[in-house]
Amino acid sequence: MKARANIVIAILFPLVGFSQLSDITEKITENKGNLNAYIHEPAKKTTKQVPLVLVLHGCNQDADEIARSSGWNELADNLGFYVLYPEQRGVNNMIKCFNWFLENDQEKDKGEIASIHEMVQYAVSTYQIDESRIYIYGVSAGAAMSVNYMACYPNTIKSGAILAGTAYKQVDSPMKSFSEMREPTVFSDENLRQKIYSQDSLYKGAFPQLIIIHGNDDKVVNYGNGEVLLKQWKTVTKVVSESTKNVNINVNSPKITRTDYKDSKNNSVIIFYTADKWGHYLMIDPGPSPKQGGEVTKYAKDGDFFSTYELAKDWNLVP
C-alpha cells in the first residue's frame with residue numbers, strides 16, 4: 001500500500017507543479033456568481049508593479065487546461081506578470097461554460113461578472129500589480145464573457161483579446177445563444193452602441209483596446225460574430241484609418257491576416273486577426289523557441305502560430 005501511495009504522489013506532484021496555480025477561491029468572499037479563482041505568480045519575483053492577465057476558459061474546460069494549452073504561465077514566468085484564472089463550476093453550467101448569455105451575467109456588479117471583478121480587486125490589493133496594465137483574454141464562451149467584462153468595467157481593462165467570441169448582449173437567453181453563434185444578427189450601429197452604454201449611459205471614458213482572433217471556418221461560433229463585435233466596438237472608438245497585412249508565419253500554416261483600425265493618434269484601437277480555413281480551436285505552436293509554446297489538447301491545435309505570444313507582443317508584455 002505504501003509503494004502504491006508513493007507512485008500516486010510521484011504522479012500527482014508533477015501535475016500540480018506544472019499547473020502552478022494557487023487556489024484563491026476562499027478569498028473571493030462575496031462571489032455573487034459562485035466561481036472558482038486561481039492565480040499564477042511569476043517565477044521571477046520583483047518589487048515593482050507588473051501587469052495582470054485574466055484568462056477565461058471555454059466550455060468543457062477548466063483553469064488548468066486553458067493554462068496548459070495557452071502557455072500563459074510559461075510566458076508569465078519568462079516575462080514577469082501575473083495570470084488570473086476565473087473558473088466555472090458545474091453547478092452553474094453543466095458543461096462549465098461561463099454564462100455569458102444570461103441577463104444577470106451581463107450586468108455590472110451582478111452574477112459571474114461581479115465575481116470576476118472581485119477577483120481582480122483582490123489580486124490588485126494583494127500582489128504587485130500595475131492597475132494601468134490589466135488585460136483580459138478569453139476563448140469561446142470565455143471570450144464572450146470577456147466582452148461582457150470589458151463592457152461592464154471599461155476603465156479596469158487596458159485591452160482584451162477575444163478568441164472566437166461574440167458582441168456584447170448579442171443574446172439574452174440560452175436558446176438564442178445557439179442560433180446566434182451559428183448565424184449572428186447584425187444589429188444597427190446605434191443598437192450596438194446602446195448595448196455597450198446600457199451599463200452607464202453617462203460614461204465618458206475610453207473603452208479598452210479590442211483584439212479579435214477568429215477562424216473563418218469556425219463551425220461553432222460563426223466568423224460573422226467577430227465581424228459584429230468589430231462593428232460594435234467601432235461605435236465606441238474613433239477609427240480614422242485601417243490597414244491589412246499578412247502575418248509572416250511558416251509556409252504550411254494557415255494564412256493569417258491582421259487588420260489594424262487606428263485612431264487619429266495612429267494607435268491601433270482594434271486589431272482583427274483572421275485565420276483562413278481555421279476552425280474552433282486555439283492556435284498554438286509547441287516548441288522550444290521563446291516565440292513558441294502551448295500544448296495540443298482537444299481544443300488547441302498546432303497551427304505554427306503561437307497566438308498567445310503574438311498577443312503578449314501586442315500588449316507590450318514582450319520587451
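Observations
- Condition check for SER289 on (1) buried (at least 22 other Cβ atoms within 10 Å of the Cβ); (2) of a type in the set (Ser, Thr, Tyr); (3) not in a strand (DSSP E or B): one failure, at (1).
- Annotation note: of SER173, SER132, SER115, the sole residue that is surrounded by fewer than 24 Cβ atoms within 10 Å (Cβ to Cβ) and touching a Leu at 6+ places or on another chain (Cβ under 6 Å) is SER115.
- Helices (runs of 4 or more DSSP H) contained entirely in the range 1-79, each with at least 3 residues that are of a type outside the set (A, V, I, L, M, F, W, C) and modelled with pLDDT of 95 or more: 63-70, 72-79
- Pairs linking a residue in the range 60-83 that is over 13 Å from TYR309 (Cα atoms) to a residue that is of a type in the set (Asp, Glu), with Cβ atoms under 7 Å and 6 or more positions apart or on different chains, are ASP62/GLU87; ALA63/GLU87; ARG68/GLU295; TYR82/GLU41.
- Residue in the range 181-202 that is more than 24 Å from TYR135 (Cβ to Cβ), within 21 Å of the chain's Cα centre (by Cα) and aromatic (Phe, Trp, Tyr) present: no
Rundown of residues vs (1) in contact with a Lys or Arg (Cβ under 7 Å, 6 or more places away or on another chain); (2) among the aliphatic types (A, V, I, L, M); (3) more than 19 Å from LYS301 (Cβ to Cβ); (4) not in a strand (DSSP E or B), yes/no style:
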position: TRP233; (1), (2), (3), (4): no, no, yes, yes
position: ASN250; (1), (2), (3), (4): no, no, no, yes
position: SER253; (1), (2), (3), (4): no, no, no, yes
position: ASP260; (1), (2), (3), (4): no, no, yes, no
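- Qualifying residues in the range 267-286 (those that are assigned to a strand (DSSP E or B) and of a type in the set (Ser, Thr, Tyr)) - the one nearest to THR235 (Cα to Cα): SER268
- Here VAL221 qualifies as buried (at least 18 other Cβ atoms within 10 Å of the Cβ) and within 19 Å of the chain's Cα centre (by Cα).
The values are calculated or read from the model by the stated rules, or taken from the named source; none is laboratory data. Quantities reported herein were computed from a predicted structural model and do not represent experimental measurements. Ideal geometry is used to build each Cβ from the backbone, glycine not excepted, and the neighbour counts take in all protein chains shown.
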